[in-house]
Structures are given as C-alpha cells and as structure tokens.
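Read through the structure below, which is laid out as structure tokens, and then see the notes.
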Amino acid sequence: MKTRFEVYLNDISLSSLNDNLAITDISYPAPVIDHTVAQYAGRDGGFISSSRKSEAVVVITFELHIYNTQDRQAACQEIITWARSGGKLQTSDRRDQFLRCVCRKLPSIESALKWNDPLTIEFAAYAIPYWQSIHASETTLTGTSATGRLFVPGNGKASADVKITASAALSSLTVGFGSTSITLSGLTASAGDVITFSHDENGTLFIKQGTASLLLRRTPASSDDLTAACGTVPISITASSSIEATFSVKGVWN
C-alpha cells in the first residue's frame, strides 16, 4: 500500500516487499548525550570532563493488511529477512541522508487474530551514531603550504577524508582539519604517489600510501583523527614538497 512514508534499506524499499504493507510512522527517539561529570575538590558541583552520544535510533511502524494468517506470517518473515542484517538505511523524511545501522528489534506477530495490529522494526547506529550526508563536501588545496575553509552541513561532529597526490619526492606532511591535525614523517613518496586518509563504515581511520599503512608514520603530537564540528571548518596543509590535497567530508545530523 502506498503511503506518505517510505524506508529503504540497502536501496530496497520496505513497501516493495508486499502490496498489503502500509508504513504508518517513522519515529526518532531523542538522542541521549552521556556526560561524565568530575567533582570539584572541596565544594559542591562538578565539571563535564567528556560528552558522548552512544547511539542513533529509528523506529519504523507498519501494518500488514493480510487476513489469511499463513500469508501474513510469511510476509512478516520476508520483512525480517530484509531487516535483520541492517546496513544503509534511508527514510523519506530525511532527504539525502543515510544511517549506517544494525537491526535492534525485529517485527513479530504477537497475535494471529488481530491482523490489523501495527508491527515495528527498530534500527540503531552505534559506530557512527549520526545520520550522514549521501554527498560529500569537497575542496582542494595545492602547494607546500596552504590554508582554506570548507563548509560542512549538519549539527554533529564530522570526520575528514583526504586524498594527497605528491608532485615530487615527499618526506613529510601535515594535514589540518578544524582544531585537529596529523603529521606524517619519514615518508618515501615519489611524484605521482597517492596518500589517503580515509574512514571505513565504522568510522575507523586508515592512512595509506597505495595499500601500505602509514599509521606508524604519525608523529606523537598528532591528533587521533581529523574531526571537527559541522559548519565552516578551517583546513590546511604543510608538506616538504608540493602536493595536491582534496578534502572530502560528509555532514552529520542527530
């Protein structure tokens, strides 16, 4: 049944699974921010030492208007197969955004008699607890030293990917994004070699020259990652020889 709502998981729509399926609601429980509060010595009160958002949740409510009990159960099982592994979730009310998620609650027919009862599926994102832009914001810096700014939409904290192409022999470089920066030393890159700062689906940072990891080339003073709050973010490069560095960032939303 066609309704005003639609949900896609790995590019397959929920409503396409059965002609008698009606999506009735998409809900987003309010995000919970966990604050770690340290006490002041000798007086009341405390200060926030860290803040963390642990998850993003979306609940899909739908109905299966199928009177035959066996057919309704079979349709529900097909939906379970669609949902169980999670993946890339998109909803009709969040244009150009997706959530990389797992399925936390599968639908279940609790009553064969009540065939119009609503069913629910609950998805949750843990590794990256934000909705992400489908399309990245990009800009390029060139030279041995350059600065710029990159607008990143959203209201969360985003991570930057950077693709660096050496124009000559390269022994060291520093990449800056917001207040974070990473310096690599002891490099043996030649003209045309490509160094990438990239993140996998779990948000884990990889730094590679071709297929070889450069994580051990980070200096001790380097930041753990290239992250900044969304908005207009300062970016920079410094290198021992001329490079071309393309910054690519996906906005994130609560």
With a 19 Å threshold on alpha-carbon distance, the violating pairs from 88/208; 2/88; 88/250; 53/208; 163/250 are 88/208; 2/88; 53/208
In cubic angstrom per residue, the convex hull of the range 1-134 built on its Cα atoms measures 128 Å³
Taking a straight Cα-to-Cα line shorter than 12 Å from residue 157, and setting aside same-chain aspartates and glutamates fewer than 8 residues away, one finds 225
Whole-Hz Karplus couplings 3J(HN,Hα) for the range 175-185, θ = phi - 60° and coefficients 6.51, -1.76, 1.60, Gly and Pro as x, run 10, x, 9, x, 8, 9, 7, 10, 10, 10, 10
Expressed in angstrom and rounded, the centroid-to-centroid distance over alpha carbons for the range 97-155 and the range 1-52 is 10 Å
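All of the numbers you see were taken from the coordinates with simple rules; none came from a lab. Since this is a predicted model, take the numbers as computed values, not measurements.
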